Amino acid sequence: MTAPAETPAWARHRRFAEVVDPLLGLVDAAGEPVPDEMQGSRRQEAWDRRRQQTLLAIAGHARQALAGRVGAGEPSPMWLDRFLASAADAHDPALQAVYGRMLATETLRPGTVSLAALELLRMMDAADLARFGRFAQFAIGNFVIRLKEGFYEKYGIEAEDLLQFEEYRLLRPGGSNIKQFPSQIEDRFQTHLLLADRVLRVSAAEPDRKLVLPCHRLTAAGADIAEAMALPVVNDYITQIVDLIEKRGYTVAHARIVERGDRNTVARHSRFSDIVSFERLRSARRRR
């Protein structure tokens, strides 16, 4: 006699039971039902074991990020409590890596990673993190320079994504923000833009100039998460920035960051070398 075909509803129930029943302590490792009086303790044991494995993985990422560096203090008990509550359920490897770098940063510089960042990251899944990462790779501290239309679309960033980042409180509302940079020295204009592993030095002869750039502003929590993602610099982005700044009468040089002092300062960097935009190179060749 042929067994009746499995209905779609029963198939969904079976798949659900196969995944959920072990997590809830309803069946043991062999798939046998667990007595009712033991289900609660089995569920708690399985839950605690899974969270412990997650925290151990995050600690491994933190040790790798620290790489022998020693901080000047230690995270506050409140921060650690919030961190453990937020990180223990981050079972995706990509989220674990971000939590690990956050822990390393807070260990080196207590008070750097906000509690809001921990709370926001707790509400994100791997897909949310990947979507934000496509935008965060362009972060210069707490802002992303607004470039010509179509540039960010090449990297999979749509207008709807920006609205979602605002709803998630990763991005400040409104896309028409500006960022103003006064000179950091007196005899001429000079300021620096810090990317993930590169510093751009923007210069002009006039000391009273102020560099004003259109930008998307990250929230403090968004900037914390973007920094913890440790994304590589996009060279095309630097090219576009140089072109934008040169058209305003500035020159740009760059250096690689060897060691940061903190998120806003550089302790060591390579020698600066000038960057020339493609447009400027073409103009120079035409004049020859």
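The values are calculated or read from the model by the stated rules, or taken from the named source; none is laboratory data. These numbers come from a predicted model, not from an experiment. Cβ coordinates were reconstructed from backbone atoms using ideal geometry, including for glycine residues, and neighbour counts include every protein chain displayed.
Odds and ends about this structure:
- From Ile185, Ile140, Ile157, Ile145, residue being at pLDDT 90 or above, touching a Leu at 6+ places or on another chain (Cβ under 7 Å) and farther than 22 Å from Ala116 by Cβ: Ile145
- Ala67 vs. criteria at pLDDT below 90, exposed (fewer than 13 other Cβ atoms within 10 Å of the Cβ) and not hydroxyl-bearing (Ser, Thr, Tyr): yes
- Annotation for the range 98-110: at least one member residue is without any contact (Cβ under 8 Å) to a residue 60 or more places away in the chain and either β-branched (Val, Ile, Thr) or not in a helix (DSSP H, G or I) (or both).
- Summed over the range 173-196, residues that are surrounded by 15 or more Cβ atoms within 10 Å (Cβ to Cβ) and assigned to a loop (DSSP other than H, G, I, E, B) total 4.
- Helices (runs of 4 or more DSSP H) lying entirely in the range 199-288 (those with 3 or more residues that are at pLDDT 95 or above and closer than 30 Å to Glu119 by Cα): 220-229
- For the range 177-235, the set of residues classified as touching a residue at least 40 places away in the same chain (Cβ under 8 Å), polar (S, T, N, Q) and closer than 26 Å to Ile157 by Cβ consists of Asn177, Thr219, listed by residue number.
- Enumeration of residues in the range 70-93 that are surrounded by 15 or more Cβ atoms within 10 Å (Cβ to Cβ), among the aliphatic types (A, V, I, L, M) and either in contact with a Leu (Cβ under 6 Å, 6 or more places away or on another chain) or not in a helix (DSSP H, G or I) (or both): Ala88, Ala90
- Hits in the range 149-172 (condition: under 19 Å from the mean Cα position of the chain (by Cα), in a loop (DSSP other than H, G, I, E, B) and without any contact (Cβ under 8 Å) to a residue 12 or more places away in the chain): Glu158
- A residue that is closer than 22 Å to Cys215 by Cβ, out of contact with any helix residue (DSSP H, G or I) (no Cβ under 6 Å at 6 or more places or on another chain), without any contact (Cβ under 8 Å) to a residue 24 or more places away in the chain and not in a helix (DSSP H, G or I) occurs nowhere in the range 134-148.
- Screening Ala116 with (1) part of a loop (DSSP other than H, G, I, E, B); (2) in contact with a Lys or Arg (Cβ under 8 Å, 6 or more places away or on another chain) gives one miss only, at (1).
One line per residue, one yes/no per condition, for (1) more than 20 Å from Leu121 (Cα to Cα); (2) not charged (D, E, K, R):
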| site | (1), (2) |
| --- | --- |
| Asn142 | no, yes |
| Lys154 | yes, no |
| Glu158 | yes, no |
| Leu162 | no, yes |
| Glu166 | no, no |
| Arg172 | no, no |
| Ile178 | yes, yes |
| Gln184 | yes, yes |
| Asp187 | yes, no |
